[in-house]
1. Compute the distance in nm between two label points, each set 7 Å from the Cα along the Cα-to-Cβ direction, one at Asn385 and one at Gln323.
2. What number, in nm² with one decimal, is the all-direction average of the projected area of the convex hull of the alpha-carbon atoms of the range 78-181?
3. What dipole magnitude, in Debye to the nearest 20, does the range 16-88 give about its Cα centre under +1 on Lys/Arg Cβ and -1 on Asp/Glu Cβ?
4. Let me have the 222 nm mean residue ellipticity of the chain computed from DSSP H runs of 4+ only, each contributing -39500 (n - 2.57), with the sum over all residues rounded to the nearest 500.
5. Label points 7 Å out from Cα along the Cβ direction at Lys238 and Glu63: separation in nm?
6. From largest accessible area down, sort Lys180, Lys143; use a 1.4 Å probe on the protein chains.
7. Please report, in debye to the nearest 20, how large the charge dipole of the chain is about its Cα centre when each Lys and Arg carries +1 at its beta carbon and each Asp and Glu carries -1 there.
8. Over the chain, what percent of the accessible surface lies on carbon and sulfur atoms, probe 1.4 Å?
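The values are calculated or read from the model by the stated rules, or taken from the named source; none is laboratory data. Being a predicted model, the structure only gives us computed values, none of them experimental. So basically every Cβ, Gly included, is an ideal-geometry build from the backbone, and we count neighbours across all protein chains shown. Surface areas here come from the heavy atoms of the whole protein model, side chains and all, with no ligands, DNA or RNA. Shrake-Rupley method; radii C 1.70, N 1.55, O 1.52, S 1.80 Å.
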Amino acid sequence: MDLSFTPEEQQFREEIRAWVKDHLPKEISHKVHNALELTRDDMQGWAKILGKKGWLGYGWPKEFGGPGWTAIQRHLFEEETALAGAPRIIPFGPVMVAPVIMAFGNAEQQKRFLPGIASGEVWWSQGYSEPGSGSDLASVKTKAERKGDKYIVNGQKTWTTLGQYGDWMFNLVRTSNEGKPQTGISFLLLDMKSPGVTVRPIKLLDGSHEVNEVFFDNVEVPAENLIGEENKGWTYAKHLLSHERTNIADVNRAKRELERLKRIAKSEGVYDDQRFRDEIAKLEVDIVALEMMVLRVLSAATSGKNSLDVAGLLKIRGSEIQQRYSELMMLAGGAYSLPLIREAMEAGWQGDFPGGNPALAPLASTFFNMRKTTIYGGSNEVQRNIVAQTVLG
């Protein structure tokens, strides 16, 4: 296992760093470094900048319009953009559905959908979870009934992240009730502007609107929007989920947030407390260990060996680290991290708190939001069972 970077890879890192420095808008990086809420224009604006460069689909092969980077180059790109304060690429289009379309879609579907994903023009949403189907996706009930050259879709999806911005949605739908539950699921692409689609916001604990319920009432979807074969969607879904769980680990964002934690601890006078610094040190060790796990996967891939099947492990450790650094930030800020008036914060004012640092205002929001990380993408309890079966034997 070789965890060192070659001179060529280091040069590649420098090139990415220089380009991001010149093209990432300062107002966006300020928001990211200080955990301020990003607007749709912020997120999609950065996506379009990357798309114009040909880097939004940074993991894509050249045959589909991507840069054709190696696994190491993709890792370095992710690290440099995260440390620079770039918004995380919204994964549903370029990271999740695009590989499925490349692997299982036909030539017409690839020609139709991939360019809009690569440019950042088309916003995709994920239609997986339902009120009774979270980690157990095999139990999805949203029904798609074939009638001639179209499907009629009825049902509901929930926890649809940023679905209020969605142009298109990839959906797991039930097309058969015969045999095992997994064998009756299909993978369908749906225009969210279709009649019968209703998006209803779910307000989170901190008052933000990040997730949604999506209802389908006799929504007509052309049969040509079916990916692959009918009733084979479970195979395609598993292909996609391996990308999602690796993406959730987000070790590069953890490295950036670790530095933010240190800044907050120093500004609040708790960095000199030995016990608190011990907690920061333990977190840093965990982040380094997660990074080593990621590099082990990259090393296996680049050496031609079988890639390690550790997507579940990456998800487990990454999500726990995200919760830990948000908790330590709250502890560092103490009572000053609790007040949150979202509208006032967005206007640049959070009240006059004697001795309080305005940078602490978003901490409660981040802390509450991170409670979800050990649940979404397959709960960590379920992931541990999968790891026990597939990795440990």
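1. For Asn385 paired with Gln323, the spin-label model returns 1.8 nm.
2. 8.7
3. With Lys and Arg at +1 and Asp and Glu at -1, about 160 debye.
4. Rounded to the nearest 500, the figure is -15000 deg cm²/dmol.
5. A separation of 2.3 nm, rounded to one decimal place.
6. From most accessible down to least: Lys180, Lys143.
7. 380
8. Accessible surface attributable to carbon and sulfur in the chain totals 53 percent.
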